[in-house]
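Take a look at the structure set out below.
The values are calculated or read from the model by the stated rules, or taken from the named source; none is laboratory data. Small disclaimer: the values here were computed from a predicted structure and weren't measured. Please note: Cβ atoms are built from the backbone with ideal geometry, for glycine as well, and neighbour counts cover all protein chains shown. Protein only, heavy atoms only, side chains kept; ligands, DNA and RNA dropped before computing areas. Shrake-Rupley method; radii C 1.70, N 1.55, O 1.52, S 1.80 Å.
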Amino acid sequence: MRIEEHIILETPDFVIVNKPSGMLTLPDRHDNELTSLNAVMKKAFGEIFTVHRLDRDTSGIILFARNEAAHKYYSQLFESRDVKKFYLGIVSGQIIPKKGSVNEGIMEHPVQKGKMVTNRKGKASLTDYEVQEEFGLFSLVRMQIHTGRTHQIRVHMKFLGHPIAVDELYGNGEPVKLSTIKKKFKLGKHTEEERPLLSRLALHAAMLVFKDQQGVEHTVEAPLPKDMAAVLNQLRKHKG
């Protein structure tokens, strides 16, 4: 991975990166072979500090601090919820109402390791959502999370009954194929099997809004990755 292709903004205090889907933020405790963004950043910048993280399959914006003072400042900024975090996701079905909030506590699943559930006894979790476009089978939704719980958006969308597309843990995990979208789909003559348009979690950390140590406000955006954009293109093309 060439890190310079993924850098959105670089200052003496922080670096903002557009993380590709499928990449860990931090090294895996059990498997050292897996590449992590943190390791790639250390190679490129030497000293680097992780402030927050994204799920492995989620793409999008991550902020890294470049010195201890910045690390302390940005960690506190995230903890005190002074950073606005916006995501774009393709969810299954059509959400009614089109705009709302999910205010449901989240805790670890009592039996399944690595899975979370909504529960009154869980940690307070708040997600605002707003439908941007509707396509029948799927909808494009913008979410703002006010808390940073593990799998928060995925759990809250499942709670609404509209899990994120291709979510193996909280949805059916089915890849999105053109044959799902296009009514009269035919495979090419020399193609035996259809290749999915999207075979990973359809969730992207699209925007961060925050103030730096000098009090300057930054609004940073990460463009949608090619695979999610391709699905949206086909959905728009074959809408209705």
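When Thr219 is tested against the conditions (1) among the hydroxyl-bearing types (Ser, Thr, Tyr); (2) surrounded by fewer than 17 Cβ atoms within 10 Å (Cβ to Cβ); (3) more than 19 Å from the chain's Cα centre (by Cα), the lone failure is (3). Considered as a group, the residues in the stretch 26-48 that are modelled with pLDDT of 90 or more and in a loop (DSSP other than H, G, I, E, B) include one that is nearest to Gln152 (Cα to Cα), and that residue is Ile48. Note on the stretch 49-76: among residues that are in a helix (DSSP H, G or I) and not polar (S, T, N, Q), the one that is surrounded by the most Cβ atoms within 10 Å (Cβ to Cβ) is Tyr74.
If you take the residues in the stretch 121-161 that are of a type in the set (Gly, Ala, Ser) and more than 23 Å from Glu108 (Cα to Cα), which one is least open to solvent (accessible area, probe 1.4 Å)? Here the answer is Ser139.
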